[in-house]
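K.L.:
Input: one structure, supplied below.
The values are calculated or read from the model by the stated rules, or taken from the named source; none is laboratory data. Just so you know, these numbers come straight off a predicted model, no measurement behind them. Reconstructed Cβ throughout: ideal geometry from the backbone, glycine too, with neighbour counts over all protein chains shown. All accessible areas refer to the heavy atoms of the entire protein, side chains included, with ligands and DNA or RNA removed. Shrake-Rupley method; radii C 1.70, N 1.55, O 1.52, S 1.80 Å.
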Amino acid sequence: VTVEENNTLLQDFVGDTYEILAKFYPEEGTQKVGFKVRTGETEETLIVYDLLTQSLSIDRSRSGVIISSKFAEVTSQNVTENADGTVDLHIYVDKASVEVFAKDYTAAGAAQIFPSPLSVGAAVLVEGAAAKADITIYPLDSIWTDKAEVTEPIVLNPTIEEAKAEEEEKVEVV
């Protein structure tokens, strides 16, 4: 497909666990390519390859719950495009993280995210001139098939007495 800045390519996409395989063919004037993942009303995680600075970044400053100021920082690394000028991105997205591989798996990045369960959209990002792209998205099944429903409050920091009492309950009398 040809992807322009204001594209609606993934406007109907819904998912919180998926894999993206993409190869971008930037045109002269294309400045950035990438994806917005786990998007919602006010949330998004940006995965961006900047052709001008030859850097790959993950921006989770609007990824949902920001647990520290470090979370709001953009992480990046220098990565040159492929010898033919293309940019490969292989991305794994799940409920609480994104992993990105580029340059024939020689560059990688990962980030923990805490988006709203309602942030299940995605978008293709292109800045500057349009870029052609081959994009395939595969849904992934969750490995958490035995989740228990929480029916009582969970004690996150139990006192010593509470921890001992819980251990005593677990001891089976023979």
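K.L.:
Can you divide the C-alpha Rg of segment 1-143 by 2.2 N^0.38 Å and report the result to two decimal places? Could the numbers behind the result be given before it?
P.N.:
Numbers: Rg = 14.1 Å, N = 143, 2.2 N^0.38 = 14.5 Å.
Rounded to two decimals, the normalised Rg is 0.98.
K.L.:
Which pairs, out of LYS36/LYS103; LYS103/LYS132; LYS70/LYS103; LYS70/LYS132, put more than 23 Å between their alpha-carbon atoms? Intermediate results must be reported in sequence, preceding the final value.
P.N.:
Numbers: LYS36/LYS103 20 Å; LYS103/LYS132 18 Å; LYS70/LYS103 26 Å; LYS70/LYS132 34 Å.
Cα-Cα > 23 Å for LYS70/LYS103; LYS70/LYS132; rest within.
K.L.:
Might you work out the accessible area of SER142 for me, using a 1.4 Å probe with all protein chains in place, and round it to the nearest 10 Å²?
P.N.:
Taking all protein chains as shown, SER142 has close to 50 Å².
K.L.:
Further question: With a 1.4 Å probe and all protein chains in place, put LEU118, LEU9 in order of accessible area, largest first.
P.N.:
Putting LEU118, LEU9 in descending order of accessible area: LEU118, LEU9.
K.L.:
What FRET efficiency comes out for GLU5 versus ILE143 if R0 is 30 angstrom and r is the Cβ-Cβ distance? Round to the nearest 0.05.
P.N.:
E between GLU5 and ILE143, to the nearest 0.05, is 0.25.
K.L.:
Can you tally the net charge around LEU51? Count Lys and Arg as +1, Asp and Glu as -1, for every other residue whose Cβ sits under 12 Å from the Cβ of LEU51.
P.N.:
Counting the neighbours of LEU51, the net charge comes to -4.
K.L.:
A further question follows. Measure out, as a whole number of angstrom, how far apart the alpha-carbon centroids of segment 73-120 and segment 11-47 sit.
P.N.:
10
K.L.:
Sticking with this structure for a sec: At 1.4 Å probe size, put LEU89, LEU52, LEU140, LEU10 in order of accessible surface, largest to smallest.
P.N.:
Values: LEU89 5, LEU52 130, LEU140 65, LEU10 25 Å².
Sorted by accessible area, descending: LEU52, LEU140, LEU10, LEU89.
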